[in-house]
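To start, the structure itself, in structure tokens.
The values are calculated or read from the model by the stated rules, or taken from the named source; none is laboratory data. Please read all numbers here as calculations on a predicted model, not as lab measurements. Cβ: placed from backbone, ideal geometry, glycine included. Neighbour counts: every protein chain shown.
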Amino acid sequence: MKRFAFTLLELVFVIIVIGILAVLAMPSFNSNPLQQAAEQVANHIRYTQHLAMVDDKYDPNDPTWWQKRWQIQFENDAFDLGQKIYVIYSNEDKDTNEDDDETAIDPLTKQLMRGANSEVMSAPYKYMDNLMISREFGISNVTFSNSCNPSSATSNRIGFDNLGRPYTRTSTTTPFANILTDDCNITLIHTDGNATLTVAPETGYVSISYKK
């Protein structure tokens with residue numbers, strides 16, 4: 001008697017084989033450090049905006065309250081000036097430093113969201129190594145262009161107000177100075193190409209484009 005159907009065991013075997021082939025055929029995005037870095041930075045820009053919206057810094061008793069807004073800042077590693085890192089913080093004391101008590105806490109790892117080498121810091125695992133984007137992903141430089149083209153040393157950042165609107169830098173004069181009026185392009189430079197993160201005005205929407 002002829003058999004016209006597969007047995008259950010044969011079907012399971014075929015499904016397993018198809019699944020293995022599908023996994024092998026998929027491109028490996030995890031092996032692309034430029035894409036990993038771009039996606040991480042984009043997510044952290046969105047998280048900075050979230051913090052600003054849930055933590056309104058308005059204080060009628062503080063004449064320069066807006067200087068405490070949440071921001072993401074790119075800078076050189078203090079221990080290796082050739083390494084790019086970034087930090088997410090709220091400048092509560094309005095000075096030029098990002099203190100630990102001003103730094104955001106990663107909701108998953110509970111580490112401070114500051115790029116710092118745990119091998120040379122006094123508190124290992126307190127900081128996030130993956131925010132050291134030069135060492136972790138091979139990013140050689142970070143540039144700001146278009147409406148956030150650096151006009152001063154303090155332009156290497158994006159901040160947000162309680163409505164989620166982005167600012168190019170903190171103003172010392174008025175709360176609404178330096179609000180983003182056009183796209184801000186943040187470009188991550190890598191040997192494999194460049195990734196440009198575009199932050200839109202008003203909404204703070206972040207998109208990514210790649211160029212070889």
Can you tell me which residue among T168, T174, T198 is closer than 30 Å to S31 by Cβ and among the polar types (S, T, N, Q)? T198
With the condition kept exactly as written, say whether any residue in the range 83-100 is out of contact with any Cys (no Cβ under 6 Å at 6 or more places or on another chain), touching a residue at least 40 places away in the same chain (Cβ under 8 Å) and either in a helix (DSSP H, G or I) or more than 24 Å from A200 (Cα to Cα) (or both). yes
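Residue by residue, here is whether (1) within 28 Å of S209 (Cα to Cα); (2) crowded, with 16+ Cβ neighbours inside 10 Å; (3) modelled with pLDDT under 95; (4) out of contact with any His (no Cβ under 8 Å at 6 or more places or on another chain) holds:
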| site | (1), (2), (3), (4) |
| --- | --- |
| T7 | no, no, yes, yes |
| I20 | no, no, yes, yes |
| A25 | yes, no, yes, yes |
| S28 | yes, no, yes, yes |
| I45 | yes, yes, no, yes |
| Y58 | no, no, yes, yes |
| W65 | no, no, yes, yes |
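When you go through P175, P201 one by one, which is the residue that is assigned to a loop (DSSP other than H, G, I, E, B), in contact (Cβ under 8 Å) with a residue 60 or more places away in the chain and of a type outside the set (S, T, Y)?
Just one listed residue meets the conditions, P175.
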Do we have N76 as on the phi < 0 side of the Ramachandran plot, at pLDDT 85 or above and surrounded by 11 or more Cβ atoms within 10 Å (Cβ to Cβ) here? yes
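Yes/no per residue for (1) at pLDDT 90 or above; (2) touching a Gly at 6+ places or on another chain (Cβ under 7 Å); (3) closer than 16 Å to Y167 by Cα; (4) not in a loop (DSSP other than H, G, I, E, B):
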{"site": "M53", "(1), (2), (3), (4)": "yes, yes, yes, yes"}
{"site": "L81", "(1), (2), (3), (4)": "no, no, no, yes"}
{"site": "L108", "(1), (2), (3), (4)": "yes, no, no, no"}
{"site": "A123", "(1), (2), (3), (4)": "no, no, no, no"}
{"site": "N130", "(1), (2), (3), (4)": "yes, no, no, yes"}
{"site": "R135", "(1), (2), (3), (4)": "yes, no, no, yes"}
{"site": "V142", "(1), (2), (3), (4)": "yes, no, no, yes"}
{"site": "S145", "(1), (2), (3), (4)": "no, no, yes, yes"}
{"site": "C148", "(1), (2), (3), (4)": "no, no, yes, no"}
Might you let me know whether the range 160-171 holds any residue that is modelled with pLDDT of 80 or more, among the aliphatic types (A, V, I, L, M) and outside any loop (DSSP other than H, G, I, E, B)? no
